[in-house]
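Read-outs throughout are calculated quantities, based only on the coordinates presented, and are distinct from any laboratory measurement. Treat the numbers as computed from the prediction; the structure is a model and nothing was measured. Every residue, glycine as well, gets a Cβ built from its backbone with ideal geometry; the counts of neighbours run over all protein chains shown.
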Amino acid sequence: MAAAWTFAPLFRYSAAFDPRWTNPVTLYNRFAAQIGAILDDLTAEGALPPGLDRRNIAVEPPRDPSHGDLATNAAMVLAKPAGTNPRALAGLIAPRLAQLPEIASADMAGPGFINVRLTDAAWREELARILEDGADYGRSTVGAGQRVNVEYVSANPTGPMHMGHCRGAVVGDALATLLEYAGYAVTREYYVNDAGGQVDTLARSVHIRYREALGQEVGAIPEGLYPGDYLVPVGQALAAEFGDVHAAAPESEWLVLFRTRAVAAMMEMIRADLALLGIRHDVFSSEAEVQRSGKVDAALEQLRADGLIYQGVLEAPKGETPDDWEPVELTLFRATQFGDDSDRPVRKSDGGLTYFGTDLAYHFDKASRSDLLIDIWGADHAGTVKRIQAAVKALTKGAVPLDVKLVQMVRLLRGGEPVKMSKRSGSFVTLADVVGEVGKDVVRFTMLTRKADAQMDFDFAKVVEASKDNPVFYVQYAHARIRSLHRRLIEAGMEIGPPDLTLLDAEELGLVKLAAQYPRIVEAAAATREPHRIAFYLGDLAAAFHALWNRGNDDPSRRFLIVNSSETTSARLALADSLGQIIHNGLALMGVSAAEEMA
């Protein structure tokens, strides 16, 4: 239902408070602007010295809702640099807040906090704003166009996507969408590891399937090669194109060709698998191309010019020293100068590049086109975080931060029992199999129901369960219930006019207060780079809505649709629509569709 009514604005704005509070959507930001205006007045009057740092002033809901709607630590932050005590400063701020028409009360608490209660009219205006802004409610400018490169998935191009890749893929994609919504300029990137020994192994595996397609008896796939049936079509395509030219030829004649064709085929498969989850990337960067382009040499030369590359010998491994260990002179990067635990080799004793040597050059290339780098890695890469962060800090002189988010693996269960491996993959459960069974929305939402660095179980039975214990179902069901009200309104033959929101009571306005936190949740999730916060919030909002809906089961007067009262129905439908809009917006950030109806 589109809102055709308007409300006179209750809030005045002040750009003098802090450049972060420029987003006109967030209620908390608008209230911070009110405080900023009061502080400006106190400064002009000489009650505060000019130039105070206001960056640590917070405006947020109090931990105990009984204390009010909003709380601020402004007096606590500014008292010491202003040469006064917090309660005295709060005593200057609170009375001025209380005079504003949208504020019912402003009281000091504890050592100098200020708790504020807004008027019912202020919350009714916020409900109207949600409806008016629609899909843009919660959209922020806090990113200010900062260029952020989010690299995620980056699975080795040796086979189809499996569930070990799935969680990082969803987290990375949702984070990229969240950052865009918060005003950042985002590049989604995939790093193709197509220069290591694993792609030579892939080429040898494909050669066996190529000979198999020619009718040769190949027997069991040798240990150490990739046994999955997904390589059969690749071998068949090569057989159709080249016949038996490469069947008995020495490896040196076909390895590069087969490696190139196999990687291309695997990347096509990976893109198709990611598309099943609605995941896309803007840039695919090749490790082999980084090495061919001279970018590694350029990065190492810069480090050498800065005195950060030297020839040296690493210390023996701590603990029990392996029998085959011997000191070898290597080309080393002074990573310890930038927070790492030891210096790191960038070239091997034979002069060849280490993986780290190429990786630092790749990150330097990303940094040249970004203001911030974010990598989404599996938890098994935790040991390499410090070294690559050290390299980025050294190469960019600290100008481009690198944030690495580690993602724990997912344990697949069916009724509490581990799921058997996939025959097609040869060793793992494919992402395509899981999406095919439970659907994209269930997979994506579930992957965001816990912090990325926390262990996760994915039980096929539980994730499709139609119960309040399943957050995927519970949030989707809330949206479907809200949408059903419009169909039921038509079925009842009711006509309603613009809502009189004064008919909403305290309990109903309580849901508006929860809904109004959404823009703040978006900004907090973007700042901490934690998209799971959106899922947590939607779960809370859905639970509050269902609780109010269920009140109508026992008391018909509490239902959203009252057949003999179009005025009450109109007001409650506006409330429901505002909640549905926010659920829709939040699900969109997660890459999950909002259900119109559910069986």
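Of note:
- Region 471-590 - Debye-derived log10 I(q)/I(0), Cα point model, q = 0.17, 0.19, 0.20 Å⁻¹: -0.84, -1.01, -1.09
- Both the radius of gyration and Dmax for region 482-544 are 16.0, 48 Å, in that order, over alpha-carbon atoms.
- Relative packing of peptides 214-225, 455-466, 82-93 - highest average C-beta neighbours within 10 Å first: 82-93, 455-466, 214-225
- Neighbours of L48 by Cβ distance under 14 Å: Lys/Arg scored +1, Asp/Glu scored -1, total -1.
- A Förster distance of 30 Å, applied to the separation of the beta-carbon atoms of D297 and D229, puts the FRET efficiency at 0.15.
- Each residue, A109 and A379, gets one label point 7 Å from its Cα in the Cβ direction; the gap between the two is 3.6 nm.
- Site pair A466 and T336 shows an inter-label distance of 6.4 nm when each label is modelled 7 Å from Cα along Cα→Cβ.
- Built amide H within the under 5 Å cut-off of R347, gap 5+: T331, T354
- Convex hull projection area averaged over all views, region 27-118, Cα basis, nm²: 5.4
- Part-to-part distance (alpha-carbon centres) for region 537-566 and region 442-465, which is given in Å: 28
- Ordering F356, F364, F445 from the fewest to the most neighbouring beta carbons within 10 Å gives F356, F364, F445.
- The Cα atoms of the chain define a convex hull whose projected area, averaged across directions, is 35.5 nm².
- Three principal axis lengths of region 162-234 [C-alpha, angstrom, descending]: 58, 23, 21
- Cβ-derived FRET efficiency at R0 22 Å, A264 paired with Q236, nearest 0.05: 0.90
- Unit Cα scatterers, Debye sum, region 107-213: log10 I(q)/I(0) for q = 0.10, 0.12 Å⁻¹: -0.60, -0.72
- Look at F545, F284 and count the other Cβ atoms within 10 Å of each Cβ; fewest to most, that gives F284, F545.
- Rounded Å value of the spacing that divides the Cα centres of region 242-308 and region 479-508: 56
- Shape analysis of region 34-87 based on the Cα gyration tensor places the equivalent ellipsoid semi-axes at 23, 12, 10 Å, largest first.
- Relative compactness, region 255-321, computed as alpha-carbon Rg over 2.2 N^0.38 Å: 1.78
- Cβ-based exposure ranking for T569, T177, T528, T354, in which fewest neighbours within 10 Å come first: T528, T354, T177, T569
- Computed over region 471-590, relative contact order equals 42 percent, with contacts defined as Cα pairs under 8 Å that lie 6+ residues apart.
- Zero-based 5 Å bins, Cα pair distances in region 81-127, whole percents: 5, 23, 25, 18, 13, 9, 5, 2, 0
- Listed pairs K405/K462; K318/K366; K318/K393; K386/K451; K318/K420; K348/K420 exceeding 32 Å between Cα atoms: K318/K366; K318/K420; K348/K420
- Kirkwood analysis of region 326-421, using all unique Cα-Cα pairs, places the hydrodynamic radius at 15.2 Å.
- Shape parameters for region 171-313, alpha-carbon atoms, Rg then Dmax in Å: 20.0, 59
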